[in-house]
Each structure stands twice: as structure tokens, then as C-alpha cells.
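All remarks here apply to the structure that follows.
The values are calculated or read from the model by the stated rules, or taken from the named source; none is laboratory data. Values in this document were obtained by computation on a predicted structure and should not be read as measured data. Don't worry about glycine lacking a Cβ; one is built from the backbone with ideal geometry, like all the others, and counts go over all protein chains shown.
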Amino acid sequence: MIPYQLFIALRYLKSKKRHRGISVNTLISIGGVAVGVMALLVVLSVMSGFHEDLQRKILGVNAHMVVLNYRGTFSDYKEIMDKIKKNNDVVSTAPFVMGQVMVSYGQRAHGVYLRGIEPESEIKTTEISRFIKEGRYEDLNKKDEYPGIIIGRELAASIGAFKGDVITVLSPIGKIGPLGMIPKVKLFRVVGIFEVGMFEYDSNLVMTDIRAAQDFFDMKDDITGIQIKLKDIYKASLVRETIQQSLSFPLYAKDWMQMHRNLFSALKLEKFAMFVILILIILVASFNIISNLIMNVIEKKREIAILKTMGANDRGILAIFMLQGLLTGLIGTIIGVVGGYLLCYILNTYEIIKLPADVYYLSHLPVKTKFTDFLAVSISAMVISFLATVYPAWQAAKLNPVEPLRYE
């Protein structure tokens, strides 16, 4: 059996009114909620798409976790790597050497980070190999009079170097001579060019073989740290705590969330701010629900009075109009969710909105639909719709049945 409150609410929602304007207002209320929900879902999905694209690029260049030394470098890394690999959440590990250098070619120079890697283990630990547009990792070990180096597209454009050119790498930390510090200078041949799509990496990172980097920085067999790839990137904090317990001072572990906390925190804050701003669209639509219910109460005064004389109590009348408002919000929310999902699907599949790739490093607007976003928006729309029904329903419930029936 359907409760009489729901039955009457459905009748009020779909019945022909004496005042045609009330019917139009109901459609406007439903449309307002639908448009608000759809707009909010599309914006949140686009922001999630940008967030995922940025995360993909950052984690493509960097490992999910690194083990570093407070004192700078360390040598007994193979034993540590074997210990870390025993963790079931770890996929692979790779040693690396990192240092700041100056790269020059012709009359141009640029400060960068030089990363020394083991190509065979780097491929298993990071995804930067898929960003290499010219050359391969293996070319770093190619026999040549100069060690190989892979540079970013922006850096190549900045100094005017191409694949096959020999560039100069200068380290400010060298040997101490009679006149002070003598910088160390070494020639490298460009064997590859990568393009991540982030200016920070494409202009400030170069890679060479780990042995060439150790020799250049006079590190012998020492390394700067160990890169770690995880099965689940979102369990990084938990895995970091486990690995940290197995390490002894001065070694420590840092996960990708810690290393890029400011950036991802800013993105989360921006997404929340957009959610708050765009929820106002649904809030405006709720005013239509309020006005529509108030007009409905005025039109249905006689029916309300008859229901009360037949035994309906104030709570029953309250429920009727609250259900009517909730049904308006529910229909609008369902239309908005379906429309939002379809619009996101079309934007993502057919790439309708194009972006200038040379500016954004993206060819189209990225869209990522998330169940949590859809759930949060749907619940918010329903809560706002519910709150919008309270005052008109209360007005209907406290109506005196004598007044409308006095002159009948």
C-alpha cells in the first residue's frame, strides 16, 4: 500500500492546476535543479580530469616514494633495496643520483637538475620512458667518446640543442685550487629528448647513466637515494610508515603526497571552492521550489481543509507538501545526473573542446567522472530541495480548515 501522503503528493505534482502558472513553475523548478546539478558535475569532472592529468605527469617522472639520507649520500643501497622489495606493496626499486648543474650549448646556458639512473631498473620504477620523443633509455649506455644525456624539450629549445649535439655540463662543486673552488666541467652527447608536458620538468631536468653521474659528482659508488614504485599509489602513506620502521637513521622515506603536498592541497581547495560556488545554482533553483509550493498551498487550501476534516493531521499535511518538493528535487537531480554524465562522456570521448597543445600541453579538455563527486552533488541537491520544502509545508500544516470551508 502506498501511503496516502505520497499518493496525494504525486497527484498534486502531475495534476492540471487551475492556475497554469503553477504548472510552469514546477517545470522551471525541476529544470533549475537539473541545470545546477549538471553544471556542477561537469565542472567537478573537468577539475578531476586536470587533477588526474597533473598527477599522471608528476608520477610519470617521479617515483611513488623515495628513500633519502639526511647526510646526503650513502653506499650500502643494494642491501636496503633487497629489504624494501620484501614488502608486498612494493613493485620495484631503482637507485638514483641527483645534483644541480649548469648546462650550456653555444652561447646559451641553463641551470638544471642532473639525475643519474640505471636504465634497466628506471623503466620498471617510473614511467618517464613513455615521454621520450626522440631516442631511448638504452642509448645512455651506447659506446661513445662522450657519455649520453637525455634532456627536456623546453631545455632543448632554450639552449638550441638537438639530438646528437654535444653539450657542456658544469658543476659548481669541484676541486679546491690555489685560487679557490674550480668548477667541474664535462661534455655529454644528447641521445634523447623527452616531453612530459610540464614546464618545470621539460626545462629543468636532464638524465644520464648513474655511473656517469657518480663519476661527474665524484661520488664513487654512493647514490643520492632509492626510488620505489608501489602497487597502489593511494596507500603510499601507510607503506611509507612500514618502510620507515625498517630503516635506520640517517635514512628516511618520503612518499609522493608529501613531496607535492602544497600543489595537490591547492587543487583540492580549488575544487572545493568551485563546489561551494556552483552549489549556489542549485540554491537559486530551490527558491523556485519554495515559491511553487507556496502557490500550490494557496491553490489547495480547500483540499487541505477537506483532508483535515476527513482525519488527516498536521503531520500528514506537512508530509504531503514536503514529499511534493522532494519529488521535484529528485526528478531534477536525476535529470541533472544523467545529463551531466552524458555530457562528460561526450566531452571525453569525442574531444569536442580543443585546447592549444603548445600552451596547455593538452589537446582537449580532460574529463574524469568520479562516483564520489556524483554522490556528493546528488546528496547536496536533495538536502537543499528538502530544506526548501520546510516553510511552505509548515504553512500548509498549520492552515485552519474552517476558513476555506466557511462559504462552501
Checked I182, I176, I167 against criteria (out of contact with any Leu (no Cβ under 7 Å at 6 or more places or on another chain) and either under 18 Å from I132 (Cβ atoms) or modelled with pLDDT of 95 or more (or both)); the one match is I167
Restricted to region 41-64 and to residues being among the small types (G, A, S) and modelled with pLDDT of 90 or more, the residue nearest to K235 (Cα to Cα) is A63
By my count, strands (runs of 3 or more DSSP E) wholly in region 173-284 with at least 3 residues that are without any contact (Cβ under 8 Å) to a residue 24 or more places away in the chain are 180-194
(request) Within region 349-356, identify whether any single residue is assigned to a strand (DSSP E or B) and surrounded by fewer than 17 Cβ atoms within 10 Å (Cβ to Cβ), and answer yes or no. (result) yes
Residue hits (region 136-158; at pLDDT 90 or above, surrounded by fewer than 21 Cβ atoms within 10 Å (Cβ to Cβ) and over 19 Å from K57 (Cβ atoms)) are Y146, S158
Margin query: For the structure I just gave you, tell me whether S29 is under 30 Å from the mean Cα position of the chain (by Cα), more than 21 Å from F217 (Cβ to Cβ), buried (at least 18 other Cβ atoms within 10 Å of the Cβ) and not hydrophobic (A, V, I, L, M, F, W, C).
Written below: no
Taking region 139-161 and keeping residues within 20 Å of Y201 (Cα to Cα) and in a helix (DSSP H, G or I) leaves L140, R153, E154, L155, A156, A157, S158, I159
Restricted to region 65-94 and to residues being part of a strand (DSSP E or B) and surrounded by fewer than 16 Cβ atoms within 10 Å (Cβ to Cβ), the residue modelled with the highest pLDDT is V91
**Asked** Does region 184-191 contain any residue that is farther than 16 Å from E118 by Cα, surrounded by fewer than 18 Cβ atoms within 10 Å (Cβ to Cβ) and touching a helix residue (DSSP H, G or I) at 6+ places or on another chain (Cβ under 8 Å)?
**Response** yes
For I2, the lone unmet condition from (1) in contact with a Ser or Thr (Cβ under 8 Å, 6 or more places away or on another chain); (2) outside any helix (DSSP H, G or I); (3) at pLDDT below 95; (4) among the aliphatic types (A, V, I, L, M) is (1)
Of the candidates L40, L59, the one satisfying the condition of being touching a Leu at 6+ places or on another chain (Cβ under 6 Å) and assigned to a helix (DSSP H, G or I) is L40
Per the list (1) out of contact with any helix residue (DSSP H, G or I) (no Cβ under 7 Å at 6 or more places or on another chain); (2) of a type outside the set (K, R); (3) modelled with pLDDT under 95, residue check on S203 breaks on (1)
- [ ] Test L269 against the stated conditions and say whether it is surrounded by fewer than 15 Cβ atoms within 10 Å (Cβ to Cβ), over 34 Å from the mean Cα position of the chain (by Cα) and either at pLDDT 90 or above or hydrophobic (A, V, I, L, M, F, W, C) (or both).
- [x] no
Checked I304, I281, I228 against criteria (buried (at least 16 other Cβ atoms within 10 Å of the Cβ), closer than 22 Å to A381 by Cβ and of a type in the set (V, I, T)); the one match is I281
All-but-one check, V97 against (1) closer than 20 Å to M198 by Cα; (2) at pLDDT 95 or above; (3) crowded, with 22+ Cβ neighbours inside 10 Å; (4) among the β-branched types (V, I, T), failing number (1)
